[in-house]
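Below is one structure; the comments refer to it alone.
The values are calculated or read from the model by the stated rules, or taken from the named source; none is laboratory data. A quick note: this is a predicted structure, and the numbers were derived from the prediction, not measured. Please note: Cβ atoms are built from the backbone with ideal geometry, for glycine as well, and neighbour counts cover all protein chains shown. Surface areas here come from the heavy atoms of the whole protein model, side chains and all, with no ligands, DNA or RNA. Shrake-Rupley method; radii C 1.70, N 1.55, O 1.52, S 1.80 Å.
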Amino acid sequence: MEKLYKKLLSGNKKWVAKKMEEDPTFFKKLAKGQQPPVLWIGCSDSRVPANEITGTMSGEIFVHRNIANMVIHTDTNLLSVLDFAVNILHVKHVIVCGHYHCGGIAAAMSKNNFGGIIDNWLRSIKDVYRLHQEELDAIEDLDLRDRRLTELNVVEQVYNLCKTSIIQSAWEEHGRPHVHGWAYDVSNGIIKDLNLTVRDNSEMSHIYKIEKAATKKVVAKKKK
Ligand code: CO
């Protein structure tokens, strides 16, 4: 046990030496601050490290990870990361990256009771299944069904992001960020672009639209 723990620290020393060899100013530059153009919302899975699989470095991607890359509207952790990324860092892109062979997706498709708070988290993935039940139930091959739920879950989490006042206000005021959905395949390393990019609320259901002009009308009516 101790050996594994020490290996991480010696790994860090080696990494620092390598980085310094490549660019002696690397850490000095990072210490000045960050301006990453991308917010990444991914799964906590150890096989899906945002920087490594996109060939990017420290300082290039702002990251939030949780089990099965969920966007849950009462998650103050996620909302704080989103607010900071959009309103302070001014990111241009927000990417939800799910992945095939996701334990969270598989668990949500099962009747397993893990006996803790995780069961409640998985319930939100089951809600995605219910939304697309007809399509998913029709897929007989369970691996393919699992893969499709991974993709549909990404789609729903992209829309969940777009439903937030944080994203809609940024669209209205700055015309950014663009919100994208990806699925990463841990079995070959390839990221599949789900070709879902949302740039404004024009294609959103009217139910979820939030607009400043509409708000002003409500306030004016109350004053009368
Ligand atoms: Co996962």
(message) As a quick test, which of the pairs K7/K29; K111/K192; K163/K212 have an alpha carbon distance above 25 angstrom in this structure?
(response) K7/K29; K111/K192
(message) List the lysines whose Cα sits under 30 Å from the Cα of K3, skipping any in the same chain fewer than 8 residues away.
(response) K13, K14, K18, K19
(message) Suppose the Debye formula is applied to equal point scatterers at every Cα of region 35-223; what is log10 I(q)/I(0) at q = 0.14, 0.19 Å⁻¹?
(response) -0.80, -1.34
(message) Run lengths n ≥ 4 of DSSP H only: what is the helix-derived mean residue ellipticity at 222 nm for the chain, with -39500 (n - 2.57) per run over all residues, to the nearest 500?
(response) -15000 deg cm²/dmol
(request) Might you tell me the accessible area per residue for region 35-223, computed with a 1.4 Å probe and given in Å²? (result) 55
(message) Under a Cβ-only charge scheme (Lys and Arg +1, Asp and Glu -1), can you give me the dipole magnitude of region 35-223 about the Cα centre, in debye to the nearest 20?
(response) 1040
(message) Counting only protein heavy atoms and a 1.4 Å probe, tell me what percentage of region 35-223's accessible area is made up of carbon and sulfur.
(response) 53
(message) Using alpha carbons only, how many angstrom separate the centre of region 1-65 from the centre of region 142-180?
(response) 26
(message) About the Cα centre, and with charges only on the beta carbon of Lys, Arg (+1) and Asp, Glu (-1), how big is the dipole of region 119-224? Nearest 20 debye, please.
(response) 1320
(message) Connecting C-alpha atoms closer than 10 Å in a GNM of the chain, tell me which of K209, K163, K28 has the biggest fluctuation.
(response) K28
(message) Can you return the aspartates and glutamates within cross-link range of K209? Criterion is Cα-Cα under 19 Å, with same-chain partners fewer than 8 residues away left out.
(response) D83, E156, E172, E173, D200
